[in-house]
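Peer 1: I'd like to ask some things about the structure below.
Computed from the coordinates by the stated procedures, all read-outs in this text should not be read as laboratory data. As the structure is a prediction and not an experimental result, all values here were calculated from the model. Glycine also receives a Cβ, built like all others from the backbone with ideal geometry; neighbour counts cover every protein chain displayed.
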């Protein structure tokens with residue numbers, strides 16, 4: 001009961017943050033709003049017992065993506081250009097897509113339903129066997145790091161490449177200017 | 001002994017709650033960055049400290065208590081650093097501290 | 001019972017900080033509100049661990065949050081003070097032109 005109330009309040013704060021992020025025109029403030037959004041979303045993930053997702057959200061949402069957004073703002077300037085087009089058509093498209101997606105969720109099994117197909121396939125095997133086969137106490141970790149280890153290795157290679165690419169982009173404008181490096185401080 | 005620890009834990013939690021609410025109200029109501037920073041620092045140090053101490057007492061003598069105390073130590077080191085950095089950045093920016101009308 | 005009161009107070013304070021982040025006239029108000037919200041989030045996760053009854057897992061997350069939140073705040077402050085993340089090019093560019 002208490003947890004439901006906390007979830008509802010968090011969802012309301014999340015919606016307020018999202019609307020504020022859309023309405024503000026100072027990009028620095030929008031970056032702050034995204035940081036707050038990540039914090040609130042991460043608490044909701046924690047409440048849903050998705051601890052690994054909460055870890056990722058904390059590391060990526062609060063830490064790295066804020067830093068990357070700020071680095072971008074440092075390159076492109078702080079103010080959003082005023083929008084010149086009408087936003088009615090995009091709004092209609094978004095509302096229609098959202099309604100279709102909500103309609104699509106009506107046929108899905110309930111959250112945590114043990115009879116759902118996703119819980120009948122390989123999940124019982126992993127849950128019963130992973131402690132003996134891998135020796136890890138957390139099933140999610142054993143699936144990610146052991147059963148699908150090569151998968152995760154490939155993902156890491158992709159993320160590493162993306163990180164190198166972003167760093168190369170952000171470092172493009174750095175020029176050597178001996179003797180001037182301390183002037184900004 | 002156990003009952004005394006429970007009562008102490010509850011009292012600490014309530015004290016922390018009170019300071020958190022005071023800090024939050026100050027963050028909302030005070031007139032400029034520096035006064036709001038002053039209010040928020042109360043929450044970050046005293047409120048967080050009391051709440052975490054209360055939780056550590058509720059946890060009992062275990063690894064969990066050590067983790068909570070580590071969290072308390074990290075927050076006690078990092079929150080004032082962040083507040084100081086924020087005040088420094090704010091005073092390097094265009095903001096001047098808010099003064100009473102008579103002092104301007 | 002006490003934990004419930006603390007949890008509600010933390011939620012109320014988070015709402016106050018969010019209002020300040022939305023209203024906040026200057027950048028520094030928003031940074032301050034975001035930082036305060038981060039602290040409240042850490043406290044809330046720690047308290048939630050005791051409410052739910054599995055504090056061991058939740059405390060680890062809270063520990064990680066407080067460290068990452070500090071990195072985020074310092075990065076934000078560097079940008080707000082120097083205009084970028086520490087490479088001094090934009091200031092020297094402005095002075096040259």
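Peer 1: If you fit an axis through the alpha-carbon atoms of helix B:33-42 and take the longest principal axis of the Cα set of chain B, what angle between them do you get, 0 to 90°, nearest 10?
Peer 2: 10 degrees
Peer 1: To continue, here is another question. How large is Rg over Rh for the protein assembly as shown, taking Rg from the Cα atoms and Rh as the Kirkwood inverse mean of 1/r across Cα pairs?
Peer 2: Working: Rg = 23.2 Å, Rh = 23.2 Å.
Looking at the protein assembly as shown, the ratio lands at 1.00.
Peer 1: Could you state the principal axis extents of the C-alpha atoms in chain B, from the largest down, to the nearest angstrom?
Peer 2: Sorted largest first, the three principal extents are 57, 23, 17 Å.
Peer 1: Same structure again: Any idea what angle helix A:123-134 forms with the longest principal axis of chain A, computed on alpha-carbon atoms, 0 to 90 degrees, nearest 10?
Peer 2: 80 degrees
Peer 1: Follow-up. For segment A:117-173, what are the per-bin percents of Cα-Cα distances with bins 10 Å wide, up to the bin holding the maximum?
Peer 2: Distribution as computed: 22, 32, 22, 15, 8, 1 percent.
Peer 1: Angle, helix A:2-23 long axis vs. longest principal axis of chain A, Cα atoms, 0 to 90°, nearest 10?
Peer 2: Long axis of A:2-23 versus the principal axis of chain A: about 30 degrees.
Peer 1: Determine, for each peptide in A:131-144, B:64-77, the mean count of other beta carbons within 10 angstrom over its residues, then list the peptides with the highest first. All intermediate terms of the calculation are to be shown ahead of the outcome.
Peer 2: Values: A:131-144: 14.2, B:64-77: 17.4.
Listed from highest to lowest mean packing, they are B:64-77, A:131-144.
Peer 1: Does segment A:1-80 classify as rounded, prolate or oblate by the C-alpha gyration tensor (a ≥ b ≥ c root eigenvalues; a/c under 1.5 gives rounded; else a/b over b/c gives prolate, otherwise oblate)? Can you show the working numbers first?
Peer 2: Details: a/c = 5.26, a/b = 1.65, b/c = 3.19.
Oblate, because a/c is 1.5 or more while a/b does not exceed b/c.
Peer 1: Quick one: what Rg and Dmax do you get for segment A:39-166 from the alpha carbons, in Å?
Peer 2: 20.5, 61
Peer 1: For a quick check: sort C:2, B:25, A:105, B:43 by the number of other beta carbons within 10 angstrom, fewest at the front.
Peer 2: Values: C:2 18, B:25 15, A:105 7, B:43 28.
Fewest to most other Cβ atoms nearby, the residues stand as A:105, B:25, C:2, B:43.
Peer 1: Here is a follow-up. For n ≥ 4 DSSP H runs only, could you compute -39500 (n - 2.57) per run for the protein assembly as shown, divide by its residues and tell me the 222 nm figure to the nearest 500?
Peer 2: About -24500 deg cm²/dmol.
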